[in-house]
Amino acid sequence: MGRFRMFLIRLRLPGRRVAWRAAALAAAFLILRFLVLPALPGWLAARDAPKPSDLAIALGGDSSGSREAGAARLWRERRVNAVLCSGRPLLWHVNEADAMAAHARALGVPADRILRSRSGESTAAEAAHILPLIRARGVRSVLLVTSATHSRRARTLFRRAWRRTGIRVLSCPVESPSFRRERWWARVRDRHVILVELLSWVRVGIGR
């Protein structure tokens, strides 16, 4: 009788293993769905207190105009003395930085308070190209304005590139009107934004 009971217990073990695995997968799915995915946009965003600074830098890469609008708002609030628009070539003899600068001018920033950087092929390239421009003007502190989901990586790259300069870099992101946090994983465009940002963090991790 004892041997027969042991035989029955052994027959049940595979079924128990399957049940435990199914439960573990269900738990992992629930954690991913209700904890990890909703929290990702918040983790990608870096928000610092907008201390008075020499310059607001609006990074290129967002056609909505929200980034230079955010930089212009900082100028109107007298948190910065000037605005720098950074962009990349768009068409023949047309640079994103010039369009951003025109937008900032329309929002009230005087022309003599707007700087331009026309080499924005990547965030790291922007940091490298902007540095000599602002050092020549004695800038010691900046507020970095970009989309919220891009802001933590941008701040990391700028601080890394400028770590020996003594220039203070703070992040003051804006919400992109083309991205919605709520259930972002349900929309192709929003999934693409998050996926690209996560893959870009891999490059940051390996120092590229």
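All of the numbers you see were taken from the coordinates with simple rules; none came from a lab. Please read all numbers here as calculations on a predicted model, not as lab measurements. Positions of Cβ are generated from backbone atoms using ideal geometry, with glycine treated the same way; all protein chains shown enter the neighbour counts.
Numbers at a glance
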quantity: Total charge dipole magnitude, region 53-171, about the Cα centre, Cβ charges on Lys, Arg, Asp, Glu only, Debye to nearest 20; calculated: 600 debye
quantity: Rg/Rh ratio calculated on Cα atoms of region 53-171 (Kirkwood radius); calculated: 0.92
quantity: Part-to-part distance (alpha-carbon centres) for region 66-81 and region 166-208, which is given in Å; calculated: 21 Å
quantity: Given charges at Cβ of Lys, Arg, Asp, Glu: region 49-208 dipole, positive-most of S171, L133, G60; calculated: S171
quantity: Separation of the L91 and V204 label points, Cα + 7 Å toward Cβ, nm; calculated: 3.3 nm
quantity: Residue order, fewest to most beta carbons within 10 Å, for S122, S147; calculated: S122, S147
